[in-house]
Each structure stands twice: as C-alpha cells, then as structure tokens.
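Enquirer: So that we are looking at the same thing, I have put the structure below in structure tokens.
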Amino acid sequence: MRLSRLLPLLSGCALTALASPVLAQDAPVVAPPPAARAIAIENEAAVPAPPGAVVAIPAEWSPVPTDELGRTAYGLYLSGRLAAFRGDNVIGANLLAQSQALTPEQPVVGEEAFRSGLFAGDLETLAELAPSVQDTPLLAEAARLVVIVDDLNNGDASTGLSMLRQQPFAEPFETIGRYIMPSVAAAAGDWDLALAPVTAPSTDIDSLVLRHQRVRLLEIRRRNAEAEAEYRALTASTLGAQLFSADFGRFLERRGRRDEALTIYEASLTGSSPDPEALVGRTRVLARAAAPSLPTIRENAAFAIKLAAIQSAERRERDVAAIFLRLADSLGQDDEVSLRLGLSLVSLGHETSAREAFSRVTTANPILYAGAQFGRGLSFQRDDRDDEALAAFRLADASAPGQMEVVLRLGQQLIGMGRHEEALAVLNRPQVNVAGQPVELRFLRGATLETLGRVDEAEAELWAALSAAPDNPTILNTLGYMWVDSGRRVEQGAEMLARAHAAEPENGNIQDSLGWAQFRQGQYDVAVETLEGAVSKEPANAEINDHLGDAYWQVGRTREAQWQWNRVLTLDPDAERRAEVEQKLAKGLSIAPPVAAGQS
C-alpha cells in the first residue's frame, strides 16, 4: 500500500468558508450521523465520555456543547480547519482536538483531529485520539505507530515492543516498523533481540539501516570492538560511506582516535556531495574540542525514523515523510530533522508550521543553519513578508557566505524592495563576481545596473550572461528591450525579442517587449496587434497598457489611446510614468521618428 492509498485519508474534507474564528461560533456544522445510530439528546449538556467508550451520535444537540470559555464544538472545529488550511497545523490540531473532546461520539471530528495532529507532532494528544480512528484501517496503523513512539518517548517501551511483535505494519509504515524494532527492543531490555545480527548483505538500504541501528546499540553496551568492525563493514560501500562515515568519525573521537576521525571527515568533504556533519566534525577535531556524546536509544530510534522519512521523500510520498519526521522530532532535538521537517511541510503548503521547524535549527552546523534560514526566507517571500524574508536571507548569507544560491536570493530580495545599491554591493563581492559564476548572478547584476542607469556596465554584464546562455528567453528579453528602448541597437534587439517570444509565446511581458520593438521601428499596425495580445495576458500591467495606448495613438485610434492612458493611472504606476501619461492625456503623443532598417 503506497501513497495513493494514504493520500485520501490525509487530505480531509473540503474546508467550510469562514470569515474568522469568532464567526465560527455561530454556524453549526454536524457530520450526518448514520440513521441506525441516531439518538436525539435534548436539554442535556455534553458530558465527556470515558476513554474508549462508544457513545451514540446525536441527531442534534441542545444545548450545543461548549467548553469552559463558552466556545462551541462547531466553532472549534471550523477554526481548527481554517488554521490548518492557512498552514498552522499546531494551532489547527489543538483546536480540532478540543472540538473532539466535546464531541467524542463524532467520528468525523476525531479523524480530522488525528489527521491534523499527525502533521503537528503532538504525540500525547494523538495517543489520546487513537481510539477514535480504529475504524479507519490506515489511520489505525498510524495511531499504532504513534503509540509505540510515544511509549518509547515516555520510557514504556515494553508495550511498544509487544505491539511490534504482535503484528507487522502494513505499507507505508512497514519500513519504519522494522527500522525501530532494535531500539524499541533495547529500550524494553530485550538486548538479545536488539543486537541480533543482520544476516542480509550490506548492499541495500534496509540492511544498512538495520546494521547502523545495531552498531550504535553495540556501543551503548560497550562492545566497542564489535561496533568498530560493524562500522567498517557499514562504510565499505559507497552508500554506507555517504550515510554513516560521519557517525563512524564520532565513534572514533569517543575512543580518543582523533587523527583517524579527521581522516574520515576530510574524505567525507570531497566529491559532489560533501557531508555537513563531516564539516562540523573536522572543525571540532582541529579545535581539540570534546568528543560528541554517545547517542541515546531514543536518538538511535529517531535516526532510523529520519532515514525512513528520507526514503519516503525520495518516493515523493510527501505526507508520509512529514509524519515520519514529526515522529523523529518528538524523540529529541535534531537540527537535520528540523530542517527536513521544514522542507517537507513547505512541500505540503504548511508555511507557518514549516517556519517554526526551520527556526529550531541551531547554529551548531553552519550549513544546516543556513539551509534553515534560507527556507524561512523563501517562506516569508511567499507570504509577502519582505522584511522578515530579508532578515532570514541575511542570516543564511552570514552563516554560509560562499553559497551562490543564497547570494542570488538575497540580491533578488533587495531588488524587490527597491534597494538596488545594496543588491549591487552583494552581487559585486570579490568571492561572488568571479569567472565561472552562475549565469543568474550575471543577469541579476546586469538588470540592477540598468535600473541604476549604468547602461554601459549593464550591457556588458547582460551580454556576458547571454553568451553563457544564448537561448535564455529572460536574458534575450532584458538585453533586447534595453537595446530597443534606449535606441542603441533597435534592429538587433528586435530580433532577440522575436526569439524570446517564440520560446515563451504565453509570456505577456516578453510579448510587450516585442510589440514595443515593432513600435520603435514604425511598424505601428503590427505593434497594435502584438500589444493587444500582451495586455490580454497582463491586463493589470501599467507599462504594457501605456505602450498599447501609444500604439493606438500612432494609428489614429486616439479615443482608445486616451482610454488606455487613463487605465494606466488606475494601475498604480510609478511617479515618472504617471507624469508622462498625464502629459500625453493633456497634449497627445509626440515621438521621435522610427528607426529604419540598417540604422541600428
């Protein structure tokens, strides 16, 4: 059973439109009860049912169940759904759980509260809600996993071990059930089961994970010689080395073998995928700092759950990955888990919860911290919270100053906020403005220079960017339009704009550039047709509407030209364009003669 079977259970029902949590108190929404179980309860206050009790579903409530603050079950339910819809799973899950506590006989409410709680990560509440989802097989499996992890978290692993032994999990939980068995057994005191040798060859991921569980438990039992032999077998394969070399280095540090650990760390920092944990280890060894502590059994289980989440994410099972990461996160703070959880929640549209996860990543590992701040910045960008986005990008840049993607986003954010000189200073750093830099940085620098009126420098940067990516429609459009609008190379710019439009025919901004090139060459009838198409694609763009007005004027359609110019004034143009349009409305359009072929 893969994601296709899990998604319908996690998606929930359609959100009821709601203006605010306060208004949610007014309109009751009750799931239609099965007729055979419908029992009317009149003039009785809601009384919480004992755990696990089966309570009949009322056809109606009188009075409506309310909590000690006077909030109705209906309002709590709808407010919880709204919070979850807005990306705040923690608040949403809490409100839904409160609604379920008032209406234990409502299976829909219990299932909604449990679904939302899976992404919020409140294991204690989820364990309490587990009986409410026993009639939904896949949610029941998730509830069983939650109870096992919660018991492990609370020091009662024997119950969890019994549950694992009674019945294996079905997919998509089967893998995680096998992965955590050794740690649960160890926590329950069954060391024979916990340390049972892994007989499968160490070539597949499942075998590697189980061997890694065993090697950590061997160290916990101070069977260090066996642990070292297992580590060497683990890291003999390429995948094993990628996953577990840094952990082997930490083991060697704890044995006082710093030089051997340093060799492993430095090897892990080579190649196309350097390990951020190896960087931290190398720094620690060179500073002769204290060796890292031995992982606990709970941390060992969390590591296994994290690897199961990574596998789910690689299979694009985003919901499952987020749930697994919440389970791992509940077992203790781990920066990589928090970062991956944030990324997983972002992929599901849970922006508020994602930012909370990102914010818990510490500065211990500068690469992970930079990644988390970068994720926060992107999330704030999506919510149009510019100042917070800029602050997050600055933190990411300070933590990992050589990361070109961070520099690019920081520059874009500054430009979007109109801070072009600051953006140019970032883009012109000696370690950024180098040979072989990403073409996106050259393009952004060129566009910024053009905005600042430094056209010669802009032309050089944009030409360098185009030379590196000759078919890029964005670069073709920017340089081509600059040449057309400035009158420098109208014919050559027009040819570039035609290529850009052919590559992206549905891009209204590029079509506007092409229409303006036709206008500048005196092809007014063609320009009208082209610009009308651009306006239809970008009707709220002041510049495109302004260009169409100019084209209408030149073909004698003065009334339509004036209508377009008036339309520009309603689209919040900048001060310069507003003044130009007002002048045209007062006196008409006066332009220089078109550029003839061969003149550019």
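Enquirer: Is it true that Gly522 is of a type outside the set (Phe, Trp, Tyr) and either part of a loop (DSSP other than H, G, I, E, B) or under 27 Å from Glu421 (Cα atoms) (or both)?
Expert: Yes.
Enquirer: Additional query: Given the criteria modelled with pLDDT of 95 or more, touching a Phe, Trp or Tyr at 6+ places or on another chain (Cβ under 8 Å) and not aliphatic (A, V, I, L, M), does Gln413 qualify?
Expert: Details: modelled with pLDDT of 95 or more: yes; touching a Phe, Trp or Tyr at 6+ places or on another chain (Cβ under 8 Å): yes; not aliphatic (A, V, I, L, M): yes.
Yes, satisfied.
Enquirer: Any residue at all in region 407-416 that's under 16 Å from the mean Cα position of the chain (by Cα) and part of a helix (DSSP H, G or I)? Spell out how you get there, then give the answer.
Expert: Step one: list which residues in region 407-416 are under 16 Å from the mean Cα position of the chain (by Cα), which gives 409.
Then keep just the ones that are part of a helix (DSSP H, G or I); that gives 409.
Yes: one or more hits.
Enquirer: May I pose another question? Restricting to region 281-298, what's the tally of residues that are β-branched (Val, Ile, Thr) and closer than 21 Å to Ala157 by Cβ? Show your work before the answer.
Expert: At the first step, the residues of region 281-298 found to be β-branched (Val, Ile, Thr) are 283, 285, 296-297.
Adding the requirement that they be closer than 21 Å to Ala157 by Cβ leaves 296-297.
Result for region 281-298: 2.
Enquirer: Turning to a different aspect of this structure: Residues in region 231-238: is at least one assigned to a helix (DSSP H, G or I), basic (Lys, Arg), over 20 Å from Leu279 (Cα atoms) and in contact (Cβ under 8 Å) with a residue 24 or more places away in the chain? Before you say what the answer is, go through the steps one by one.
Expert: Let us first name the residues in region 231-238 that are assigned to a helix (DSSP H, G or I), namely 231-234, 238.
Remaining after also requiring basic (Lys, Arg): 232.
Add one more test, that the residue is over 20 Å from Leu279 (Cα atoms), and what stays is 232.
Applying the additional criterion that residues be in contact (Cβ under 8 Å) with a residue 24 or more places away in the chain yields none.
The answer is no, given that none of the residues of region 231-238 is assigned to a helix (DSSP H, G or I), basic (Lys, Arg), over 20 Å from Leu279 (Cα atoms) and in contact (Cβ under 8 Å) with a residue 24 or more places away in the chain.
Enquirer: Could you check region 485-500 and list, in sequence order, the residues that are open to solvent by 40 Å² or more (accessible area, probe 1.4 Å), outside any loop (DSSP other than H, G, I, E, B) and under 16 Å from Leu466 (Cα atoms)? First the steps, then the outcome.
Expert: The first filter runs over region 485-500 and keeps only residues open to solvent by 40 Å² or more (accessible area, probe 1.4 Å), leaving 485-486, 488-489, 491-492, 495, 498-499.
Then keep just the ones that are outside any loop (DSSP other than H, G, I, E, B); that gives 485-486, 491-492, 495, 498-499.
Residues satisfying the conditions are Gln492, Glu495, Ala498, Arg499.
Enquirer: Just to check your reading of the model, which residue among Glu171, Glu228 is open to solvent by 20 Å² or more (accessible area, probe 1.4 Å), under 32 Å from the mean Cα position of the chain (by Cα) and acidic (Asp, Glu)?
Expert: On the way: Glu228 fails: under 32 Å from the mean Cα position of the chain (by Cα).
Exactly one of Glu171, Glu228 is open to solvent by 20 Å² or more (accessible area, probe 1.4 Å), under 32 Å from the mean Cα position of the chain (by Cα) and acidic (Asp, Glu), namely Glu171.
Enquirer: Okay, moving on. Looking at Ala236, is it among the hydrophobic types (A, V, I, L, M, F, W, C) and modelled with pLDDT under 95? Please lay out each step first, then the result.
Expert: Working: among the hydrophobic types (A, V, I, L, M, F, W, C): yes; modelled with pLDDT under 95: yes.
When the stated conditions are applied, Ala236 passes them.
Enquirer: Another question, then. Just give me the residues in region 272-317 being outside any loop (DSSP other than H, G, I, E, B), open to solvent by 30 Å² or more (accessible area, probe 1.4 Å) and free of Cβ contacts under 8 Å to residues at least 40 places away in the same chain, in sequence order.
Expert: Residues satisfying the conditions are Arg282, Thr283, Arg284, Leu286, Glu299, Ile310, Ala313, Glu314.
Enquirer: Considering only residues of region 384-403 that are hydrophobic (A, V, I, L, M, F, W, C) and more than 18 Å from Pro366 (Cα to Cα), which is surrounded by the most Cβ atoms within 10 Å (Cβ to Cβ)? Spell out how you get there, then give the answer.
Expert: In the first step, residues of region 384-403 are kept if they are hydrophobic (A, V, I, L, M, F, W, C); the result is 389-393, 395-396, 398, 400.
Still in the list and also more than 18 Å from Pro366 (Cα to Cα): 389-390.
On the way: Ala389: 24, Leu390: 21.
The extreme case among them is Ala389.
Enquirer: Among the residues of region 470-527, which ones are among the basic types (Lys, Arg) and more than 24 Å from Gly556 (Cα to Cα)?
Expert: Residues of region 470-527 that are among the basic types (Lys, Arg), as a first pass: 488-489, 499, 520.
Hits for region 470-527 are Arg488, Arg489, Arg499.
Enquirer: Return only the number of the condition from (1) more than 19 Å from Glu336 (Cβ to Cβ); (2) surrounded by fewer than 21 Cβ atoms within 10 Å (Cβ to Cβ) that Ala261 does not satisfy.
Expert: All conditions are met except number (2).
Enquirer: Could you list all residues from region 180-209 that are among the aliphatic types (A, V, I, L, M), open to solvent by less than 40 Å² (accessible area, probe 1.4 Å) and under 12 Å from Ala301 (Cα atoms)?
Expert: Ile180, Val184, Ala185, Ala186, Ala194, Val209, listed by residue number.
Residue-wise test of (1) modelled with pLDDT under 95; (2) touching a helix residue (DSSP H, G or I) at 6+ places or on another chain (Cβ under 6 Å).
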| site | (1), (2) |
| --- | --- |
| Arg254 | no, no |
| Leu262 | no, yes |
| Ser268 | yes, yes |
| Ala308 | yes, yes |
| Glu314 | yes, no |
| Gly349 | yes, no |
| Ala354 | yes, yes |
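Enquirer: Among the helices (runs of 4 or more DSSP H) confined wholly to region 417-484, which include 1 or more residues that are among the basic types (Lys, Arg), surrounded by 23 or more Cβ atoms within 10 Å (Cβ to Cβ) and at pLDDT 95 or above?
Expert: Numbers: elements: 420-427, 439-451, 455-468.
Qualifying helices (runs of 4 or more DSSP H): 439-451.
Enquirer: If Gly121 satisfies all but one of (1) touching a residue at least 24 places away in the same chain (Cβ under 8 Å); (2) over 23 Å from Ser338 (Cα atoms), what's the number of the condition it fails?
Expert: Just one mismatch for Gly121, condition (2).
Enquirer: Follow-up question, since we're still on this one. When residues of region 331-346 are filtered for being in contact with a helix residue (DSSP H, G or I) (Cβ under 9 Å, 6 or more places away or on another chain) and either open to solvent by 30 Å² or more (accessible area, probe 1.4 Å) or not in a helix (DSSP H, G or I) (or both), how many remain? Outline the logic, then answer.
Expert: Let us first name the residues in region 331-346 that are in contact with a helix residue (DSSP H, G or I) (Cβ under 9 Å, 6 or more places away or on another chain), namely 331-332, 334-346.
Going one step further and asking which of them are either open to solvent by 30 Å² or more (accessible area, probe 1.4 Å) or not in a helix (DSSP H, G or I) (or both), we end up with 331-332, 334, 336, 340, 343, 346.
Number satisfying all stated conditions: 7.
Enquirer: Is there a residue in region 248-255 that is outside any helix (DSSP H, G or I), open to solvent by 60 Å² or more (accessible area, probe 1.4 Å) and touching a residue at least 24 places away in the same chain (Cβ under 8 Å)?
Expert: First pass over region 248-255, keeping only residues outside any helix (DSSP H, G or I): 255.
This time we only want the ones that are open to solvent by 60 Å² or more (accessible area, probe 1.4 Å), so: 255.
With touching a residue at least 24 places away in the same chain (Cβ under 8 Å) added as a condition, the list becomes 255.
Checking region 248-255: at least one residue is outside any helix (DSSP H, G or I), open to solvent by 60 Å² or more (accessible area, probe 1.4 Å) and touching a residue at least 24 places away in the same chain (Cβ under 8 Å).
Enquirer: Suppose the filter is outside any helix (DSSP H, G or I), surrounded by fewer than 17 Cβ atoms within 10 Å (Cβ to Cβ) and over 12 Å from the mean Cα position of the chain (by Cα); does Gly349 pass it? Walk me through how you get there before you give the answer.
Expert: Details: outside any helix (DSSP H, G or I): yes; surrounded by fewer than 17 Cβ atoms within 10 Å (Cβ to Cβ): yes; over 12 Å from the mean Cα position of the chain (by Cα): no.
For Gly349, the condition - outside any helix (DSSP H, G or I), surrounded by fewer than 17 Cβ atoms within 10 Å (Cβ to Cβ) and over 12 Å from the mean Cα position of the chain (by Cα) - is not met.
Enquirer: Moving on. From the list Phe119, Phe85, which one is at pLDDT below 70 and under 21 Å from the mean Cα position of the chain (by Cα)? Talk me through it step by step, then tell me what you get.
Expert: Values: Phe119 fails: at pLDDT below 70.
That would be Phe85, the only listed residue that is at pLDDT below 70 and under 21 Å from the mean Cα position of the chain (by Cα).
Enquirer: Out of curiosity, is Val147 out of contact with any Pro (no Cβ under 6 Å at 6 or more places or on another chain) and more than 29 Å from Ser353 (Cβ to Cβ)? Before the answer, list the steps.
Expert: Values: out of contact with any Pro (no Cβ under 6 Å at 6 or more places or on another chain): yes; more than 29 Å from Ser353 (Cβ to Cβ): no.
Answer is no for this residue.
Enquirer: Tell me yes or no: at least one residue of region 186-205 is touching a Leu at 6+ places or on another chain (Cβ under 9 Å) and under 22 Å from Ala322 (Cα atoms).
Expert: So far as region 186-205 goes, yes, one or more of its residues are touching a Leu at 6+ places or on another chain (Cβ under 9 Å) and under 22 Å from Ala322 (Cα atoms).
Enquirer: Could you list all residues from region 264-299 that are of a type in the set (Ser, Thr, Tyr) and farther than 21 Å from Pro366 by Cα?
Expert: Quick first cut of region 264-299, residues of a type in the set (Ser, Thr, Tyr) only: 265, 268, 270, 272-273, 283, 293, 296.
Within region 264-299, Thr296 is the sole residue that qualifies.
Enquirer: Residue check: is Glu506 of a type in the set (Asp, Glu), assigned to a helix (DSSP H, G or I) and either farther than 30 Å from Val426 by Cα or at pLDDT 95 or above (or both)?
Expert: In short, no.
The values are calculated or read from the model by the stated rules, or taken from the named source; none is laboratory data. Everything numeric here is computed off the predicted structure, so don't read it as measured data. Reconstructed Cβ throughout: ideal geometry from the backbone, glycine too, with neighbour counts over all protein chains shown. To get the accessible areas, we keep the full protein, side chains included, count just its heavy atoms, and leave off ligands, DNA and RNA. Shrake-Rupley method; radii C 1.70, N 1.55, O 1.52, S 1.80 Å.
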